[in-house]
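Notes follow once the structure below has been shown.
The values are calculated or read from the model by the stated rules, or taken from the named source; none is laboratory data. None of these values were measured; they are calculated from a predicted model. Here the Cβ positions follow ideal geometry from the backbone for every residue, glycine too, while neighbour counts run over all protein chains shown. Protein only, heavy atoms only, side chains kept; ligands, DNA and RNA dropped before computing areas. Shrake-Rupley method; radii C 1.70, N 1.55, O 1.52, S 1.80 Å.
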Amino acid sequence: MPPAEDHRWSKDVSASARCAGALLALLLLVDMGSGTLTWWRGTLWTTLALLLFTVLCPARVRAGDGWLTSRRLLRTRGVRTDRLVSVRPLDGVSPRLLFRDTFGDRLALDPQVLVDNPELWLRVDEGARRAAAAGTLLCGSLALSRLGEQVERENALGVFRASGLE
């Protein structure tokens, strides 16, 4: 079975690039309009736009048989879902799930990615069930079951919307 991927990733990358490009265009136009645009100011504005793109660029999430990875621009993190030790929700500005496996690897992931991509969720859930059956999943069954309920709710709503029964 081929790996499952976040199907919205390319759209999110495009949106990040458009935001960074719009900022760059606006800064260059304002600077050009005021007559103060120089090569070093143009370089500064380009650097600022690239920094914005780096911050906004989403992670590319993939899952396969027993593994889950998240790749950013400079780093890839991955865990073995069939060897999970814990899955913990992290509080903060945006909700995150922290996956930890028996090898000590960690992966923080936005749970909305799993809700929006049922194929990814199925791979993660399958691996977590194997970890629970093997006795390695010590903490996080409740968080995973709540996430599973949310995925099922969103899928049911999507079916109702598609069939006009909303």
Of ALA15, LEU165, ALA108, farthest towards positive along the dipole that unit charges on Lys, Arg, Asp, Glu beta carbons give the chain: ALA108
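Just the number, please: carbon plus sulfur as a percent of the accessible area of the chain, 1.4 Å probe, no ligands or DNA/RNA counted.
After summing per-atom areas, the C and S share lands at 60 percent.
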Which one of TRP40, LEU144, LEU27 is farthest out on the positive end of the charge dipole of segment 25-166, using unit charges on Cβ (Lys, Arg +1; Asp, Glu -1) and the Cα centre as origin? TRP40
For helix 9-34, what angle does its Cα long axis make with the longest principal axis of the chain, in degrees from 0 to 90 and rounded to 10? 20
Report the label-to-label distance for SER141 and ASP31 in nanometres (one decimal), using points 7 Å from each Cα along the Cα→Cβ vector. 5.8
Could you work out the helix-only [θ] at 222 nm for the chain, with each DSSP H run of four or more residues adding -39,500 (n - 2.57) and the total divided by the number of residues, to the nearest 500 deg cm²/dmol? -18500 deg cm²/dmol
Inter-label distance for LEU90 and ARG77, nm, one decimal - labels placed 7 Å from Cα along Cα-to-Cβ: 0.5
Could you tell me which of PRO118, LEU51, PRO95 has its Cα farthest along the dipole of segment 42-124 towards the positive end, charges placed at Cβ (Lys, Arg +1; Asp, Glu -1), taken about the Cα centre? LEU51
Size of the dipole of the chain about the Cα centre, Lys and Arg at +1 and Asp and Glu at -1 on the beta carbon, nothing else charged, in debye to 20? 480
Hey, what's segment 24-104 come to in accessible area per residue, 1.4 Å probe, Å²? 65
What angle do you read, to the nearest 10 degrees and between 0 and 90, between the alpha-carbon axis of helix 141-163 and the longest principal axis of the chain? 70
So the angle from the long Cα axis of helix 39-56 to the longest Cα principal axis of the chain, reported in degrees to the nearest 10, equals 20
Just to be sure I understand: of the beta bridges DSSP finds with both ends in the chain, what percent are antiparallel, rounded to 5? 95
Could you tell me the center-to-center distance, by alpha carbons, between segment 95-148 and segment 3-21 in angstrom? 23
Report the calculated FRET efficiency for LEU122 and ALA17 (r = Cβ-Cβ distance, R0 = 25 Å), to the nearest 0.05. 0.25
For the residue pair THR102 and ASN155, what label-to-label distance in nm results when each label sits 7 Å from Cα along the Cα-to-beta-carbon direction? 2.8
